[in-house]
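Contents: one structure, followed by commentary.
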Amino acid sequence: MSCELTGGRLKPCKDAVGGIRKIHFVDFGDLGTVTLTDDEVTNLTGDSSNNLTYHSYDVKGNSSLETNIQTSLENGTTFFEQVLNLTLHKLTKEDNKELKLMAFGRPHVFVETFDRKVILVGNEHGAEVTGGTAVTGTAMGDLQGYTLTLTGNEITMPNFVQVSAAFTAGTSDDFLSEMAGLTGTVASSTQRTP
């Protein structure tokens, strides 16, 4: 592996926006073979029948993705700690059950940003729920809902996902339509309204 830099970076335009629009969970191992081209996900095959089911959550506000670069000079190692912090409004018995299953597993997570980029967290090892709360709040204006922290430890930064021009333009919500390997059914589970 080469450690030599390959280019510089100009100051970009000020057209970026922060925040997460949605998150999409896929059960661990159900991505199938993931093809990376220049560290971007350009294809995936899904399960053994080339199917993929994902579970979408709308988020707004206090949700974020941070990547911490973890390097040990003593051991000569580097990995990337991908930390997804989520706030989900409103407590429900259905969410209690679903979030318990999420804590027991280690899903792959597609993070959809407000500027219509999609980033894959936990590509190889999944993302573990490493913390969280279910809170009622104290005052009437306080959060009643859930906070979750999912952490993925990977050998790369979270990978951007190739998306269609229609998705980027906001005319389609199908962020996986460019994946030629998904020849079976690509389906989102039904979203519940708490």
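Here Asn75, Asn96 are screened, and the one residue that is open to solvent by 40 Å² or more (accessible area, probe 1.4 Å), out of contact with any Ser or Thr (no Cβ under 9 Å at 6 or more places or on another chain) and not in a loop (DSSP other than H, G, I, E, B) is Asn96. For segment 151-170, the tally of residues that are of a type outside the set (Ser, Thr, Tyr), at pLDDT 95 or above and touching a Ser or Thr at 6+ places or on another chain (Cβ under 7 Å) stands at 2. If only residues of segment 49-72 that are among the β-branched types (Val, Ile, Thr) and outside any loop (DSSP other than H, G, I, E, B) are counted, the one that is surrounded by the most Cβ atoms within 10 Å (Cβ to Cβ) is Thr67. In segment 69-95, the residues that are farther than 23 Å from Gly18 by Cβ and among the hydrophobic types (A, V, I, L, M, F, W, C) reach residues that are open to solvent by 20 Å² or more (accessible area, probe 1.4 Å) and in a strand (DSSP E or B) with C-beta atoms within less than 7 angstrom, at least six apart or across chains, in these pairs: Phe79/Gln70; Phe79/Asn153; Leu91/Ala134. Against the conditions (1) more than 19 Å from Thr151 (Cα to Cα); (2) among the β-branched types (Val, Ile, Thr); (3) in a strand (DSSP E or B), Val17 satisfies every one except (3). Annotation note: of Thr113, Thr133, the sole residue that is in contact (Cβ under 8 Å) with a residue 60 or more places away in the chain and either touching a Lys or Arg at 6+ places or on another chain (Cβ under 6 Å) or among the hydroxyl-bearing types (Ser, Thr, Tyr) (or both) is Thr113.
Cβ separations smaller than 6 Å between residues 6+ apart or across chains give the following pairs from segment 33-48 residues that are within 14 Å of Ile119 (Cα to Cα) to residues that are open to solvent by 70 Å² or more (accessible area, probe 1.4 Å): Glu40/Phe160; Asn43/Ala180.
At least 3 residues being open to solvent by 50 Å² or more (accessible area, probe 1.4 Å) and not β-branched (Val, Ile, Thr) is the threshold, and among the strands (runs of 3 or more DSSP E) wholly inside segment 116-165 those reaching it are 128-135.
Residues of segment 20-31 include none that is among the aromatic types (Phe, Trp, Tyr), over 19 Å from Met157 (Cα atoms) and under 18 Å from the mean Cα position of the chain (by Cα). Every condition in (1) within 30 Å of Asp15 (Cβ to Cβ); (2) surrounded by fewer than 16 Cβ atoms within 10 Å (Cβ to Cβ) is met by Thr113 except one, and the failing one is (2).
Tell me whether segment 31-43 contains one or more residues that are of a type in the set (D, E, K, R), under 29 Å from Thr77 (Cβ atoms), in contact with a Ser or Thr (Cβ under 7 Å, 6 or more places away or on another chain) and modelled with pLDDT of 85 or more. The answer is yes, given that some residue of segment 31-43 is of a type in the set (D, E, K, R), under 29 Å from Thr77 (Cβ atoms), in contact with a Ser or Thr (Cβ under 7 Å, 6 or more places away or on another chain) and modelled with pLDDT of 85 or more.
The values are calculated or read from the model by the stated rules, or taken from the named source; none is laboratory data. Owing to the predicted nature of the structure, the values given are computational and were not obtained by experimental measurement. For neighbour counting, all protein chains shown are included, and Cβ atoms are generated from backbone atoms with ideal geometry for every residue, glycine included. Accessible surface areas use protein heavy atoms only, side chains included; no ligands, DNA or RNA. Shrake-Rupley method; radii C 1.70, N 1.55, O 1.52, S 1.80 Å.
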